[in-house]
Structure formats: structure tokens, C-alpha cells
1. For residue 67, what accessible area in Å² do you get when you roll a 1.4 Å probe over the heavy atoms of the protein chains, rounding to the nearest 10?
2. Would you work out what percent of the accessible area of the chain, with all protein chains in place, is carbon or sulfur (probe 1.4 Å)?
3. Rolling a 1.4 angstrom probe over the protein heavy atoms, how many square angstrom per residue are accessible across the range 88-235?
4. Note the angle between two axes, namely the Cα long axis of helix 138-155 and the longest principal axis of the Cα atoms of the chain, as a number of degrees from 0 to 90, rounded to the nearest 10.
5. Relative to the longest principal axis of the C-alpha atoms of the chain, give the angle of the C-alpha long axis of helix 159-176, reported between 0 and 90° and rounded to the nearest 10°.
6. In degrees, nearest 10, range 0 to 90: what is the angle between the Cα axis of helix 122-132 and the longest Cα principal axis of the chain?
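The values are calculated or read from the model by the stated rules, or taken from the named source; none is laboratory data. Since the structure is predicted, the reported quantities are computational estimates derived from the model, not experimental observations. Heavy atoms of the whole protein, side chains included, go into the accessibility calculation; ligands, DNA and RNA do not. Shrake-Rupley method; radii C 1.70, N 1.55, O 1.52, S 1.80 Å.
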Amino acid sequence: MPGPPDIPPSAPNAPAAGDGLSRGEAVYQGLKSGILHHRFRMGDPLREEDVASWFGASRAPARDALKRLETEGLVERIGRKYAVRNYSYDEILVTYRMRAALEHLSVEFAILRADDAGIAALGAELAAQKAVLGNASRGEFSDLDARFHLALARLSGNDMLLRETETIINRARLIRSNELDKDNGPQAAYADHCRIHAALLRRDADTAKAELNYHYATTVRLHETRSADALGARS
């Protein structure tokens, strides 16, 4: 089958059962890491026996991991088989509209509740991104991208908002795996983050929200074009 049999040694942060985790937890975290680090594309098949083989496990923990990832929107069941979740354009639009709503709330709460030092501390995430531009893999930069957005959600002081933001960001990371050869890349993402941070430092909520919307626009536009092309091919 297509797919990366080298997931356990090569996926960043993919844990092993020897790290004090159960075998099922190690399979779950390792497979999730592979998905979030763009080692799969939407629609790639995930056979239980292959997942078990990648992590030296039996099929039972592989099946449990797949079920957990299904509830998180990263895997889907098609008949009796599993695959990496394949989002339609409409589902992508909903995902990004939900993400915008959550992150706009984060901006509003952060500006109301966070002190200047807390907002300034987001600069450490930007420094980490700048340090690896041109060197990090897309999967590694995806981690840094998520860290920035989760740090913003954390400034809201709202645990529920943070949890929901993490879930939606993970789905967006999967969606972006299909567009890595067409999007604007880490340099553009870093520049977007800098503008978002600058607006937060000024406590300018409207501009921060507008910059967030711009940050998402490329991915949504690419999928809109792909959806239109598919409809044209069928007509």
C-alpha cells in the first residue's frame, strides 16, 4: 500500500512503549504524529495490519488507535477499513470557519485578560520559527506553527477554548498536508505570525483577526480551486 513504513523511527516525537506508555498509547501517539507531520495525505489507506507492523504491535492496539483518531477527525472508517480522513471542500470551509471563530475568541480574551508581558512572550515562539527557517522540514515547522497558535489560545485563560483550538488545528494540519507543494511555505507563515503578534501588542483586535483570516486564506483558496477543477472535469 502507499504510505510510510518508516514511521516509528522517522516521525518526530513518535514514542515507543518503552517510554512508559502502553503499547496502545504508543501506537496512537506515533500514528497521530505521522499524520500531523505530513507523512500521509488525505485519503491514504490505513490497514490495521500495516499500522500494527509499523509499531511492532498486535492488531488490537492498532485498531484502538485508529478508533481514537477517528473521533478526533484525523481518520475515517470506510466500510470495514480505515483511511486518513479525506475532507471535502465544504468540510474544509467549515473547519476553517470554526478555526477562525475560536481564534478570534482567543484574540478577544487575550487582549482583555493577558498582561503586556504575556503577549510579548509570544515573541519566543516567533524566535524559534525564525531560527529554523530554511532548515526545518515542513513537519517540524508545522509543530512550531501549532505552538504559536496554541500559545495564543493559552493567553485567553480559557481551558475549553484551548482544548477546542488544539482539536481544530490538528484537523487543519491534516488538510494542509495535501497542499504542501502549492502553499506559501514557512517563510510566509512566519511573516503572518509576526503581523498577528504586532497587532496583539498594540491590542488591536480587529487587525489581529484580519491577519488570522489572511493566514488561513491560501489553504482554503487552494482547495476551492481543486474542488472547482473536479466539478469541471465531471461536467
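1. Accessible area of residue 67: about 90 Å².
2. Numbers: 5730 of 11400 Å².
Whole-percent figure for carbon plus sulfur exposure: 50.
3. Values: 7290 Å² over 148 residues.
Spelled out: the 1.4 Å probe surface of the range 88-235, per residue, equals 49 Å².
4. That works out to roughly 50 degrees.
5. The answer is roughly 60 degrees.
6. 60
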